[in-house]
1. Can you tell me which residue among LEU167, LEU177, LEU133, LEU127 is within 20 Å of VAL266 (Cα to Cα) and either surrounded by fewer than 20 Cβ atoms within 10 Å (Cβ to Cβ) or at pLDDT below 95 (or both)?
2. Suppose we filter the stretch 248-283 for residues that are touching a helix residue (DSSP H, G or I) at 6+ places or on another chain (Cβ under 7 Å) and without any contact (Cβ under 8 Å) to a residue 24 or more places away in the chain; how many remain?
3. Mind listing just one residue for me: the one in the stretch 285-310 that is hydrophobic (A, V, I, L, M, F, W, C) and more than 18 Å from ARG231 (Cβ to Cβ) and, of those, least open to solvent (accessible area, probe 1.4 Å)?
4. For the stretch 139-148, indicate whether the set of residues that are open to solvent by less than 20 Å² (accessible area, probe 1.4 Å), in contact with a strand residue (DSSP E or B) (Cβ under 7 Å, 6 or more places away or on another chain) and at pLDDT below 95 is non-empty.
5. Could you tell me which of the residues ARG112, ARG102 is of a type outside the set (A, V, I, L, M), at pLDDT 95 or above, open to solvent by 50 Å² or more (accessible area, probe 1.4 Å) and in contact with a Pro (Cβ under 7 Å, 6 or more places away or on another chain)?
6. Return a yes/no flag: does the stretch 52-59 have any residue that is at pLDDT 90 or above and either open to solvent by 10 Å² or more (accessible area, probe 1.4 Å) or assigned to a helix (DSSP H, G or I) (or both).
7. So, in the stretch 1-13, exactly how many residues are modelled with pLDDT under 95 and either open to solvent by less than 50 Å² (accessible area, probe 1.4 Å) or basic (Lys, Arg) (or both)?
8. Condition first: in a loop (DSSP other than H, G, I, E, B), of a type outside the set (Asp, Glu), at pLDDT below 95 and farther than 22 Å from LEU127 by Cβ. Can you find one or more residues in the stretch 294-317 that meet it?
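The values are calculated or read from the model by the stated rules, or taken from the named source; none is laboratory data. The model shown is predicted, which means the values in this text are computed figures rather than measured ones. Methodologically, a virtual Cβ is constructed for each residue, glycine included, from the backbone with ideal geometry; neighbour enumeration extends over all protein chains shown. The area values use the complete protein model at the heavy-atom level, side chains included, leaving out ligands, DNA and RNA. Shrake-Rupley method; radii C 1.70, N 1.55, O 1.52, S 1.80 Å.
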Amino acid sequence: MSRTLRLGTRGSPLALWQARRIQALLERAGTRTELVTIRTTGDLIAQVPLARIGTVALFTAQLDEALLAERIDLAVHSLKDLPTGSCPGIEIAGVSEREDPRDALVGRGPIRWGELPRGATIATSSLRRRAELLRARPDLDVVEIRGNVDSRLAKLDATPAWTATVLATAGLLRLGLGDRIGERLPFDLMLPAPGQGALAVTTRDGDRATALVVRSAVHHVATALCVAAERALLGRLEGGCQVPVGAFARVVGEAGAVEVELTARVVSLDGAHAVERSVTAPAADEAAAARLGEALAAALRQAGAEPILERARAAAPPAEVTEP
């Protein structure tokens, strides 16, 4: 492609790292790009708990608007932040290879899950993480924290009453903060957010030239299959930041007989009730993987997930959204 593509991104250190990663892949394939930084709703209201903000497009809406207005040609997102319902006129053109999807326990110094004292205080903004923490350890005191990775770590370091926080392993590794990880939490303790660890690149519907460039330079087939299953499950459960749903898919089987194994868990906010199911089925393409996710969502509902989800939504009424 001869023209320079305008690549939209949020301005946080992690978002810029992610955008530069996609930029490097595109430029390695011969496509020139320039970064355009855009502030999003999630950036402007950093002190409001995520579950209380009345929108599911906290970190994407302004990037979508810039795409549709043709102020940018493509946008980079953490896939876990991207709503499962696509914005009209915008498509996911490529999904990057996934980084470690696990959540990480982070303290002021080395710390492991088994070393947490009784009644330890853990800071997190995620309802999913809160629910999973209390499912495993009802004695924990879970408190709210917002901000980017650096600011959360600074708040933890400055608050002696807090024992630890939980952050995505992928973000810590991308920022060169892997030494802050006390333990990468196993899936039986905490399933990640659907799409966690992967990046998505969006383009305008109809801009086939840009979409093809992105697909060729960025797209990772195995990751795309997995996140298609996870996101379809979340979409069918009508989930987002407001509901405690964890899911992880992986490709199993040999080339030519690809199967996807998907595990998902829905946990009540107090950790007292949980529904978990797994399924493995052939998934030759993303549409088949999505059907797998939808089937598992139906199985979770049948097993009792719906009352848990309804109570979680009722417990997190939207807050008024205003700039700080």
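1. LEU127 is the lone residue from the list that is within 20 Å of VAL266 (Cα to Cα) and either surrounded by fewer than 20 Cβ atoms within 10 Å (Cβ to Cβ) or at pLDDT below 95 (or both).
2. Adding up the residues that qualify gives 2.
3. ILE308
4. Taking every residue of the stretch 139-148 in turn, at least one turns out to be open to solvent by less than 20 Å² (accessible area, probe 1.4 Å), in contact with a strand residue (DSSP E or B) (Cβ under 7 Å, 6 or more places away or on another chain) and at pLDDT below 95.
5. Answer to the check: ARG102.
6. no
7. The number of residues fulfilling the criteria is 4.
8. No: the stretch 294-317 contains no residue that is in a loop (DSSP other than H, G, I, E, B), of a type outside the set (Asp, Glu), at pLDDT below 95 and farther than 22 Å from LEU127 by Cβ.
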